[in-house]
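One structure below.
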Amino acid sequence: HKKVAILISGGGSNMVSLANSMVGDHPARPCLVLSNVPGAGGLNKASDMGIATAVVDHKDFKGDREAFEEALISAIDAHAPDIIALAGFMRILTPRFITHYAGRMLNIHPSLLPKYKGLHTHQRAIEAGDSEAGCSVHEVTAELDGGPILGQARVPILPDDTADTLAARVLPREHALYPAVLRRFVVGDITRVDL
Ligand code: GAR
């Protein structure tokens, strides 16, 4: 099996959907769930699923991003993953880190990229008057939220939507999209998935 390290900062619902997908004849298995936030809810979920966990708290590095990333790399490479899946990992990564995992790192972003890179994606889509929103899985390159798009899922934006109601509509689509893209990516298939 290929080994997948999943990086999280929060509740880890995308991590759970990825981990649940890697069973049976799936060509990969999760080898590590790593969080930069010590209390992240996803850590307990990963432990309950029998997946190794690690914490590298960026606050321990007092703004030294290089040292933080070297510690991240050490913690990740101790598990020798083939693929890195960012799943709600809320730290910006430098080219040093991204280059180390070039061609084998994915991210999920809650917008229809290239629209709304960065934060507050759903609020921005509503304020722009868009009729649809969604999520994207992309390869991670040095440009923030800018790598090749491997898949997207779309939902309508409804008249009374708030950022929260829209997020609640998009999140289940994330849980479908990310495993679908990962399963292909593991075997070198980067044809686009549209849900
Ligand atoms: C997800 O909606 C993901 O798309 C988003 O954070 C959430 C994490 O939820 N990611 C980003 O905003 C990346 N900049 P989860 O912890 O339940 O998977």
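The values are calculated or read from the model by the stated rules, or taken from the named source; none is laboratory data. Source: prediction; values computed, not measured. Every residue, glycine as well, gets a Cβ built from its backbone with ideal geometry; the counts of neighbours run over all protein chains shown. Heavy atoms of the whole protein, side chains included, go into the accessibility calculation; ligands, DNA and RNA do not. Shrake-Rupley method; radii C 1.70, N 1.55, O 1.52, S 1.80 Å.
Of note:
- Surface composition of the chain: carbon plus sulfur atoms hold 55% of the accessible area, using a 1.4 angstrom probe and ignoring ligands, DNA and RNA.
- From phi via Karplus (6.51, -1.76, 1.60), per-residue ³J(HN,Hα) for region 140-145 in Hz, x at Gly/Pro: 8, 10, 5, 7, 3, 6
- Among Leu166, Leu86, Leu182, residue whose mean-square fluctuation peaks in a GNM of the chain (springs only between Cα atoms under 10 Å): Leu166
- 3J(HN,Hα) along region 113-125: 4, x, 6, 6, 5, x, 9, 6, 4, 5, 4, 5, 5 Hz, from the Karplus curve 6.51 cos²θ - 1.76 cosθ + 1.60 with θ = phi - 60°, whole Hz, x for Gly and Pro.
- Taking 0.36 nm per residue of separation and subtracting the current Cα-Cα distance, fully stretching the chain between Thr191 and Glu127 would add 19.8 nm.
- Mean accessible surface per residue for the chain, computed with a 1.4 Å probe while every protein chain stays in place, in Å²: 46 Å²
- Amide H within-cut-off set for Ala54, under 5 Å, with H built and near neighbours excluded: Val33, Leu34, Ser35
- Inter-centroid distance (Cα atoms) of region 23-66 relative to region 130-195, Å: 22 Å
- Taking 0.890 mPa s as the viscosity and 25 °C as the temperature, the Stokes-Einstein diffusion coefficient of region 29-92 based on its alpha-carbon Kirkwood radius rounds to 200 µm²/s.
- Calculated over region 1-155: convex hull of Cα atoms, volume per residue (Å³): 117 Å³
- In degrees, nearest ten, helix 65-77 long axis to first principal axis of the chain (Cα): 70 degrees
- Entry note, the chain: the mean residue ellipticity at 222 nm calculated from DSSP H runs of n ≥ 4, each adding -39500 (n - 2.57), is -10500 deg cm²/dmol after division by the residues and rounding to the nearest 500.
- For region 12-132: relative contact order, % (alpha-carbon pairs under 8 angstrom, 6 or more apart): 18 percent
- Estimated FRET transfer efficiency when R0 is 25 angstrom, pair Leu144-Lys3 (beta carbons, to 0.05): 0.45
- Long-range amide H partners of Ala28 with built H, under 5 Å: Lys2
- GNM remark for the chain: springs join alpha carbons under 10 Å apart, and the peak mean-square fluctuation among Asp130, Asp25, Asp77 falls on Asp25.
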